[in-house]
Amino acid sequence: MRLFLLPKEFNGTDTITLTGKNFNYIVKVLRLKENASLTGRDAAGNAWNLTILHIGKASVTLSAVRDAFAKERTDALPENRPRHNIILYQCLPKGRKMDEIVKRGTEIGVCAIVPVKSGNCIANLEENRAESRSERYEALIKEAVEQSGSLVPTRIGNLIDIKDVSSDFKKRSEAFGEPAIGLILHQCSLKEDQRDLVSVLKGFKGTVGVLVGPEGGFTDSECSLLMQEGFKPVLLRTNILRCETAAIYALSAVQALIETSEDN
């Protein structure tokens, strides 16, 4: 059974009527009929058992009942929520590459994706486009969650400058109440400071922040600042990757490593 993200305005009422894209998704994409059931999740992460009461020409009405066990009836595995949190800090790439990063990061189960402005970023995000960009990212997250059944409520942060990454990560990680480590994907000039993901995360159990650069990489001053503030420079032992590929590769590897550490 698919996972359906309820609209933000849903406030726990016994019934809810959906129109527009939500109507199309339930009726035309999932092709559900009256009396069919599906699992919903509200903005706070609560699970709901939804049953279709009526399908009209342009609207669908469902009943909604809180259900603590609803996650076990989604297409995803019952225990598919990662045991530790991953935060992606992505320096702005060109074009619509960020869209793909948002979708894939959500499917992996990243808890937050924070866009970052760095010295080598070519992308220029005008302030008057911030609202439409945020709406697009939220739509991409909704699509990815409904497709993957992810139990992690992925959030999009506001655009920040690279000099503020460390303080932002400290604030976010402290809220989780577990050990935290920040990683920067960069080849360090000093060999003694350079490590790979496996050696850095061996035995680590906690929150991981991953900072990925834009197409032009990081400047020396940016790397020095982040290292002074505790971020660890790491290499991906693979081919040279595009920034969007590097982000998804790193997130997948980090998740696998910290979940494996938890099992050992």
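Quick note: the coordinates plus some simple rules give every number you see, no bench work behind them. Every value quoted in this text rests on a predicted model; they were computed, and no experiment measured them. Glycine gets a Cβ as well: all are built from the backbone with ideal geometry, and neighbour counts include every protein chain shown.
Taking the C-alpha atoms only, the angle from helix 165-176 to the longest principal axis of the chain is near 50 degrees. Using the Cα gyration tensor of region 3-73, with a ≥ b ≥ c the square roots of its eigenvalues, what is the shape: rounded (a/c below 1.5), prolate (a/b larger than b/c) or oblate (neither)? It is prolate, given that a/c is not under 1.5 and a/b is the larger ratio.
Taking other Cβ atoms within 10 Å as a rough exposure proxy, 91, 223, 111 sort from fewest to most as 111, 223, 91. The long axis of helix 130-148 is offset from the longest Cα principal axis of the chain by roughly 70 degrees.
Considering lysine pairs in region 3-73 that are 8 or more places apart or on different chains, how many have Cα atoms under 17 Å apart? Pairs that pass both the separation and distance tests number 5.
Using the rule -39500 (n - 2.57) for each DSSP H run of four or more residues, divided by the residues of the chain, the 222 nm mean residue ellipticity is -9500 deg cm²/dmol. With a simple spin-label model that places each label point 7 Å from the Cα along the Cα-to-Cβ direction, the separation between residue 235 and residue 220 comes to 1.9 nm. Sorted from longest to shortest, the spans of the Cα atoms of the chain along the three principal axes equal 65, 47, 32 Å.
If the chain linking residue 242 and residue 160 were pulled fully straight, counting 0.36 nm for each residue of separation and taking away their Cα-Cα distance, it would gain 27.3 nm. Ranked by the mean number of other Cβ atoms within 10 Å of their residues, highest first, the peptides 204-216, 37-49, 11-23 fall in the order 204-216, 37-49, 11-23.
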